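*Asks:* Structure in structure tokens, see below.
The values are calculated or read from the model by the stated rules, or taken from the named source; none is laboratory data. As the structure is a prediction and not an experimental result, all values here were calculated from the model. Cβ: placed from backbone, ideal geometry, glycine included. Neighbour counts: every protein chain shown. These accessible areas exclude ligands, DNA and RNA; they are computed on the full protein's heavy atoms, side chains included. Shrake-Rupley method; radii C 1.70, N 1.55, O 1.52, S 1.80 Å.
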Amino acid sequence: MEINIKVGSLVILSGPSGSGKSTVCEQVAKQYHPSMILSSDTIREQFFGSRPTLEGIKPQPVDDRLIFQLLEQITESRLREGLTTFIDATMLSDKVREDFVKIAQKTDSPYLVLIFDVDKDILHQRNRSREKVVPTEVLNKQIRRHQKQSRYPYFTSDDFKITLDVYRIPDETELDVIGDIHGMKQELEQLLTLMGYQWEEGKLIHSENPQRKVLFLGDLVDRGYDSPGVLELVRKAVSCGHYCVMGNHDLNLLRGLETGTKPRSLSTQKTLHEILTQWDKKDIKISIGFLKHLPPYYIHKNTAYVHADIEWFHPFLTPKQDLIRGFSKLDRPHNTDQVYETLFEKGENSYHLVRGHIPPTGERQTLINPIVSALEAGQAFGGKLVGLNANRELTTVDCSHYNGFSEWDSSRNGKKEVKKSTMSKLYDRDLNLWIEQTIQQLKNKDFQSLDIDALIEELEDLGKSEKRALESNLMILCAHLLKLTIQKDAPETMKRSWYNSVIEHRKRIEKQLKNTPSLKSYLASILESAYNDGRDIAIQEGKFASFGVETPSETDYPKTCPFTVEEVLDQDFFGKQG
């Protein structure tokens, strides 16, 4: 069976010894790269060695829990970097597959179980010809325990051929590219018009060729005057067939929206505040989904398109953080483009590169260069918004009327210039350093040097952040209490994850209330709204019930919260059991 795997996925290989898992791993290692394979046997032998027995060479008998802890930690690190990972272990049932599936879900990675269904006589025949023979009673036990179905996405076959699907734009597509936007909505609309695009019946269409597409290079938000507007515009464009990659500012915003924690960057804090106050929960949820599914790169013909400055690009092996955050820092400039070009000339880089993030590095004076082009010209700091059309011609929009240190007057769609102090600029650039210097100024009673506005904002946001975190934990707690109440016929392995979630989020809430007792009254006031959000989550997740598990009706979920504050906080309460 031929299986197409999306790059960045977790693939769990399931089958007794001799079922063909190693053959698939050899194919993947040869065709793509050996680092994609995580083998429990390899880890066991690498760290503990093997020993001769009467039945052949066997791995040392060591604690499997340690082996699988290592395997799980490496898997999570790889998936966070968007690196495709194959788990080569017996993985005979959903009970053992579950821990790895949870890691994929935690890292928002696609996942798939490939179940090898091979006749037992063939398994024994193959085992006898192995260099490292598995004892017959052990193999028979594996065969008996092998679960040939899964509640997770799976395929069953006696043989698999793997191909990896990269983030690719079809070669026949005429492609225009737009660099960092940073909240400059009107300028973006102007640039799209100059490049021949217009909105028709809710779709972004090129006037000469309706099949022509735009690729946005990330950093849609922050610094400019209308980040929510840009985010909404690009999301609509992508929904009708255009493309966008993830930028570092987009990633920072996503983390703030998902976790409720305060971003380090003041500009991202501003964007987060605008979205939370201007949009309803449905629009916020849609935008979280949009941001979560932005890929770290696209390939079109012989060119790779990424957000950040990188030294090396490989569609299967370059870590996602490099593609999104890059190498150069404000205090540590680095001639990344020269390194990329040198490696290109040596054959280590196979693709031309078009990126955003920072202007051309080193002594380059032009944005467009033969090997590396950079579509970043300081749009939010009085520079230009940059587009590159399919004929490699630049189109720019002047942004000299605006700079990132100005305060936007939303009531008039204009800008009110505010001269920032050195400390205010430091607050924008390095929050931790600003905190250290502010503490020192307070200790020295140097009140004149304090950045009062930023200090007030920081103190106000402390309380808001605590409340957002409480709301988020309470929402998840309610969702899983409700699932334990409604989905009583769910498998015990599934219920176990809900129990664990209830325990974890209840502990988080208890810790918050211990550190900030005044939040107890706030918890009571938001229980109903948190329950409603949790109910939405439970309903959506309940739709995915399968393999004999009854799919609950939406009417099964109470519209008003059936739990009291006391029950929510009770360590022994796990949903209504009556």
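*Asks:* Between Lys95 and Glu174, take the C-beta separation as r, use R0 = 51 Å, and let me know the FRET efficiency to the nearest 0.05.
*Replies:* Values: r = 51 Å, r/R0 = 0.99.
For R0 = 51 Å, the calculated efficiency reads 0.50.
*Asks:* Amide H of Phe327: which non-local residues (sequence gap of 5 or more, or other chain) have their own amide H closer than 5 Å, using H built in the peptide plane?
*Replies:* Residues meeting the amide H criterion: Asp309.
*Asks:* Further question on the same structure: Compute the acute angle (0 to 90°) between the alpha-carbon long axis of helix 519-542 and the principal axis of greatest extent of the alpha-carbon atoms of the chain; round to the nearest 10°.
*Replies:* For 519-542 against the chain, the angle is about 60 degrees.
*Asks:* Moving on. How big is the antiparallel share of DSSP beta bridges in the chain, given as a percent to the nearest 5? Kindly include the intermediate steps, with their values, before the conclusion.
*Replies:* Details: 26 of 61 bridges.
Around 45 percent of the beta bridges assigned by DSSP in the chain are antiparallel ones.
*Asks:* Each residue of region 85-99 in order: what ³J(HN,Hα) in whole Hz does its phi give by Karplus 6.51 cos²θ - 1.76 cosθ + 1.60, θ = phi - 60°, with x for Gly and Pro?
*Replies:* Per residue, the Karplus-derived 3J(HN,Hα) values read 9, 9, 9, 9, 8, 5, 6, 6, 9, 5, 4, 8, 6, 4, 4 Hz.
*Asks:* Give the dimensionless ratio obtained when the Cα radius of gyration of region 74-201 is divided by 2.2 N^0.38 Å.
*Replies:* 1.71
*Asks:* Now a separate question. Sorted by accessible area with a 1.4 angstrom probe, largest first, how do Arg78, Arg130, Arg392, Arg506 fall? Intermediate results must be reported in sequence, preceding the final value.
*Replies:* Values: Arg78 35, Arg130 80, Arg392 115, Arg506 10 Å².
Most to least solvent-accessible, the answer reads Arg392, Arg130, Arg78, Arg506.
*Asks:* If amide H atoms are built 1.01 Å from N in the plane of the peptide, which residues on other chains or at least 5 residues away come under 5 Å of the amide H of Cys244?
*Replies:* Phe216
*Asks:* If you line up the long axis of helix 64-80 against the longest principal axis of the chain, both from Cα atoms, how many degrees apart are they, to the nearest 10?
*Replies:* 30
*Asks:* Considering only protein heavy atoms, what per residue accessible area in square angstrom results for the chain with a 1.4 angstrom probe? List each step's numbers first, then the result.
*Replies:* Details: 28840 Å² over 578 residues.
Ligands and nucleic acids excluded, the figure is 50 Å² per residue.
*Asks:* What does the convex hull of the alpha-carbon atoms of the chain project to on average, in nm²? The partial results should precede the final answer.
*Replies:* Working: hull surface 130.4 nm².
Projected area, direction-averaged: 32.6 nm².
*Asks:* If I take all pairs of Cα atoms in region 297-351, what percentage of them are more than 17 Å from each other?
*Replies:* Working: 519 of 1485 pairs.
Summing the P(r) of region 297-351 above 17 Å gives 35 percent of all pairs.
*Asks:* Could you run the Karplus curve 6.51 cos²θ - 1.76 cosθ + 1.60 with θ = phi - 60° over region 342-359 and give me ³J(HN,Hα) per residue in whole Hz, x for Gly and Pro?
*Replies:* 4, 5, 5, 5, 7, x, 7, 9, 9, 10, 5, 10, 10, 9, x, 6, 9, x
*Asks:* With both bridge residues required to lie in region 175-398, what share of the DSSP beta bridges run antiparallel, to the nearest 5%? Numbers along the way, then the final one.
*Replies:* On the way: 17 of 29 bridges.
Counting only bridges with both partners in region 175-398, antiparallel ones make up about 60 percent.
*Asks:* Quick one: dipole size for the chain, taken about the Cα centre, charges +1 on Lys/Arg Cβ and -1 on Asp/Glu Cβ, in debye to the nearest 20.
*Replies:* Values: 76 positive and 84 negative charges, 266 e Å.
About 1280 debye.
*Asks:* Report, in debye and to the nearest 20, how large the dipole of region 108-262 comes out about its Cα centre when Lys and Arg carry +1 and Asp and Glu carry -1 on their Cβ. It would help to have the intermediate numbers written out before the result.
*Replies:* Working: 21 positive and 25 negative charges, 266 e Å.
So the magnitude is around 1280 debye.
*Asks:* Need one number: convex hull volume per residue for region 38-111, Cα atoms only, in Å³.
*Replies:* Working: hull volume 7.0 nm³, N = 74.
About 95 Å³ per residue, rounded to a whole number.
*Asks:* I would also like to ask the following. Ranked highest first by average number of other Cβ atoms within 10 Å, how do 173-183, 189-199 line up?
*Replies:* Details: 173-183: 24.5, 189-199: 17.0.
Ranked by mean Cβ neighbours within 10 Å, highest first: 173-183, 189-199.
*Asks:* State the percentage of accessible surface on the chain attributable to carbon and sulfur atoms; use a 1.4 Å probe and exclude ligands, DNA and RNA.
*Replies:* Values: 14380 of 28840 Å².
Roughly 50 percent, rounded to a whole number.
*Asks:* Sticking with this one: Rounded, prolate or oblate, given the Cα gyration tensor of region 2-165, with a/c below 1.5 counting as rounded? Walk me through the numbers on the way to the answer.
*Replies:* Working: a/c = 1.63, a/b = 1.34, b/c = 1.21.
Since a/c reaches 1.5 and a/b is larger than b/c, the shape of region 2-165 is classed as prolate.
*Asks:* Lys507: which aspartates and glutamates have alpha carbons under 16 Å from its alpha carbon, excluding same-chain residues fewer than 8 sequence positions away?
*Replies:* In chain and number order, the partners are Glu466, Glu471, Glu566, Glu567, Asp570, Asp572.
*Asks:* In addition: Hey, can you rank 259-267, 202-210, 308-316 by average C-beta count inside 10 Å, highest first? If you can, show how the numbers build up before the last one.
*Replies:* Values: 259-267: 17.9, 202-210: 13.3, 308-316: 20.0.
So the order, starting with the most tightly packed, is 308-316, 259-267, 202-210.
*Asks:* While we're on this one: Using 21 Å as the Cα-Cα cut-off, could you pick out the over-long pairs in Lys102/Lys520; Lys30/Lys320; Lys445/Lys514; Lys467/Lys511; Lys106/Lys285; Lys21/Lys95? Let's see the in-between values first.
*Replies:* Details: Lys102/Lys520 31 Å; Lys30/Lys320 23 Å; Lys445/Lys514 32 Å; Lys467/Lys511 13 Å; Lys106/Lys285 17 Å; Lys21/Lys95 19 Å.
Table pairs above 21 Å Cα-Cα are Lys102/Lys520; Lys30/Lys320; Lys445/Lys514.
*Asks:* In addition: Rank by packing, highest mean first: peptides 347-356, 161-170, with packing defined as the count of other Cβ atoms within 10 Å averaged across residues. Provide the component values of the computation, followed by the final result.
*Replies:* On the way: 347-356: 20.2, 161-170: 14.9.
Result, highest mean Cβ count within 10 Å first: 347-356, 161-170.
*Asks:* From a point 7 Å beyond the Cα of Asp556 in the direction of its Cβ, which residues of region 141-157 have a backbone N at a distance under 19 Å?
*Replies:* From region 141-157, the list is 151-152.
*Asks:* Separate question: Would you compute, from DSSP H runs of 4+ residues alone, the mean residue ellipticity of the chain at 222 nm, taking -39500 (n - 2.57) per run and dividing by the full residue count, rounded to the nearest 500?
*Replies:* Numbers: 19 runs with 254 residues, N = 578.
Helices in the chain give a 222 nm mean residue ellipticity of -14000 deg cm²/dmol.
*Asks:* At 25 °C and a viscosity of 0.890 mPa s, what translational diffusion coefficient does Stokes-Einstein give for region 175-398, taking Rh as the Kirkwood radius over Cα pairs? Give it in µm²/s as a whole number.
*Replies:* Values: Rh = 17.6 Å.
D, rounded to a whole number, is 139 µm²/s.
*Asks:* Sticking with this structure for a sec: Using +1 at the Cβ of each Lys and Arg and -1 at the Cβ of each Asp and Glu in region 2-165, identify which of Thr23, Pro110, Gln125 lies farthest towards the dipole's positive end.
*Replies:* Gln125
*Asks:* By how many degrees, 0 to 90 and rounded to 10, does the Cα axis of helix 431-443 deviate from the longest principal axis of the chain?
*Replies:* 60
*Asks:* For region 206-214, what does the Karplus curve 6.51 cos²θ - 1.76 cosθ + 1.60, with θ = phi - 60°, yield as ³J(HN,Hα) per residue in whole Hz, taken in order and with x for Gly and Pro?
*Replies:* Going residue by residue, I get 7, 5, 9, 9, x, 8, 6, 10, 10 Hz, with x marking Gly and Pro.
*Asks:* Another question, if that's okay. Write down the percent of antiparallel bridges among all DSSP beta bridges whose residues are both part of region 2-165, to the nearest 5.
*Replies:* On the way: 5 of 26 bridges.
About 20 percent, rounded to the nearest 5.
*Asks:* Continuing with this model, one more query. D for region 457-569, whole µm²/s, Stokes-Einstein with Kirkwood Rh over alpha-carbon pairs at 20 °C and 1.002 mPa s: what number?
*Replies:* Details: Rh = 14.8 Å.
Value of D from the Cα-based Kirkwood radius: 145 µm²/s.
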